[in-house]
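The next block holds one structure in the form of structure tokens; read it before the comments.
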Amino acid sequence: MAEVIDHDVTTITCICGNTVGNEGLIQADSHGVPVHIAGETLPPDGLAAWPEDEDLYTLCPSCGRVYRDAVIEETGTAPVAFQVDVTTDPIAKAIRVHWEQKP
């Protein structure tokens, strides 16, 4: 279980110690693929589209643990929903594309 303050997904401290401000936790879809946040534009190759149902997850790009935002917001706890391999595609590619999109 990750640490979280109140019910705020932006305050997660991953089990590995990563935070939003450190290696940057990333919003992801239900498969752990980072999502494109730009709204109406099509996502760049490698990123998932913003989920229509807004069922968002938070991916730790360091260790691959994924947390479900709805659980965090509802319960104030951050159990690991699942884990992905951040060293292989498609996740590794999506992480690279995500960082390239940052200003």
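The values are calculated or read from the model by the stated rules, or taken from the named source; none is laboratory data. Remember, predicted model here, so these are calculated numbers, not experimental data. Please note: Cβ atoms are built from the backbone with ideal geometry, for glycine as well, and neighbour counts cover all protein chains shown. Keep in mind that these areas ignore ligands, DNA and RNA; they rest on the heavy atoms of the full protein, side chains included. Shrake-Rupley method; radii C 1.70, N 1.55, O 1.52, S 1.80 Å.
Can you send over the carbon and sulfur percentage of the accessible area for the chain, probe radius 1.4 Å, protein chains only? With neighbouring chains kept in place, the figure for the chain is 50 percent. What the chain shows is 56 Å² of accessible area per residue, with the surface traced by a 1.4 Å probe over protein heavy atoms. Per-residue 3J(HN,Hα) values for segment 2-14, derived from phi via the Karplus relation 6.51 cos²θ - 1.76 cosθ + 1.60 with θ = phi - 60°, read 7, 8, 8, 9, 6, 10, 9, 5, 6, 9, 5, 10, 4 Hz in sequence order (x marks Gly and Pro). The three principal axes of the Cα atoms in the chain give end-to-end lengths of 33, 28, 25 Å, sorted in falling order. Springs join every pair of Cα atoms under 10 Å in this Gaussian network model of the chain, and among Pro79, Pro44, Pro61 the largest mean-square fluctuation is at Pro44. Can you give the angle from 0 to 90° between the axis of helix 91-101 and the longest principal axis of the chain, with both taken from C-alpha atoms, to the nearest 10? Tilt of helix 91-101: around 80 degrees. Projected label points at Trp99 and His7, each 7 Å from Cα along the beta carbon direction, are separated by 3.4 nanometres.
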